[in-house]
1. From the mean inverse distance of alpha carbon pairs (Kirkwood) and the Cα radius of gyration, derive Rg over Rh for the protein assembly as shown.
2. Rounded to a whole number, what is D in µm²/s for the range B:41-199 from Stokes-Einstein with the Kirkwood radius over alpha-carbon pairs (20 °C, 1.002 mPa s)?
3. Counting only other chains, what is the mean number of Cβ atoms within 10 angstrom of the Cβ of each residue in peptide B:91-100?
4. Using the basic label-point model (7 angstrom from Cα toward the beta carbon), what is the B:Ile125 to B:Ile109 distance in nanometres?
5. Cα convex hull of the range B:25-121: mean projected area in nm², to one decimal?
6. Hey, with R₀ at 30 Å, roughly what FRET efficiency would A:Asp84 and A:Lys61 work out to, going by the Cβ-Cβ distance, to 0.05?
7. On a 0 to 90 degree scale, rounded to 10, what angle separates helix B:76-93 from the longest Cα axis of chain B?
8. Could you calculate the FRET efficiency of A:His77 with B:Met172 from 1/(1 + (r/R0)^6), where r is the beta carbon distance between them and R0 is 41 Å, rounded to 0.05?
Amino acid sequence: MALKDLDPLLHSQLRLGVMSLLMSVESAEFTYLKEKTNSTAGNLSVQLDKLSEAGYITIEKTFKGKKPLTTCKITKHGLKAFEDYVNTLKQYIGK
Amino acid sequence: MFVSLNPDMEKHNETLNPHQSLDLITSMIRQAKGNVRKSSFYFLLWGWTIVIANLGVYILIRFTDVKNPFLMFALTIPAGLISAIYSVRQSKTQTVSTHLDQIHKWVWIGYGINCVLVVVVGKSISWMINPVIIAMCAMPTFITGVILKFKPLMWGGVVFWAAGTVLFFVPMADQFLISAFAIALGYLVPGYMLRKSEK
């Protein structure tokens, strides 16, 4: 059986990290994702935009007092992509 | 749009091989787990409120001829307000919300709605409000114990199931005394233990 290709959008350390975190929670703030993935704000922000453009996550920008607040959530589409990615991974590993 | 993955080649650049991918996913999911907020605050606030209200009603019935001793339960109104303010403040400091946090919150809100309902229909259930409320409170308490993986709260739930059953068979005035004991055992004792574990 031919191996399926891995979704390049997910096949990157930071984006995969973010998606795995969002898989397990209801929603997470930018600072939480930054802390857990050990990334820089600039890089994280770029990767979040990529995931959002693909429709994998939604990004909500609000304010907490005077501070800007960015909250991310995984979408149904993102969940499906993540599941497909994991299933494809299983094929690689099972081979 | 999709790329092939050659594990051997990938080792030499920044992308991941399948095992690294899986490790990453597992470690991130593990990070996100165990994030359920512990909060002994509600157990202590409500524990004391209900204990004082119940003891107050018992004392007023037994030793005075106050017309409406049940007004002691008006104490639950400020307690409800304090809970609401506290939870809004808490949600401002939290950076992540897990599914378990949501379940935890809604199990208690659901219980609160049930309590209001029981009070409203009090007459139709022969004013057996205390037995019903105490028995009902076993479930959210037990479930909170499961969510927090905190056994004393699970035992608290068991106390309420037992006390709820007993309450149906004792005279009205004694129900308030037993309820106060049940709440002290089921809320306050685990509440203080939880508080200790939070430090």
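We did not get these values from a lab; they are worked out from the coordinates using the rules stated. A quick note: this is a predicted structure, and the numbers were derived from the prediction, not measured. A quick note on method: Cβ atoms are made from the backbone with ideal geometry, for glycine too, and the neighbour counts reach across all protein chains shown.
1. Details: Rg = 25.6 Å, Rh = 22.4 Å.
Here the Rg-to-Rh quotient is 1.14.
2. For the chosen part, D equals 131 µm²/s.
3. Across the residues of B:91-100, the mean count of other-chain Cβ atoms within 10 Å is 5.
4. According to this spin-label approximation, the distance is 2.2 nm.
5. 7.9 nm²
6. 0.55
7. 10 degrees
8. On the way: r = 58 Å, r/R0 = 1.41.
That pair, A:His77 with B:Met172, gives E of 0.10.
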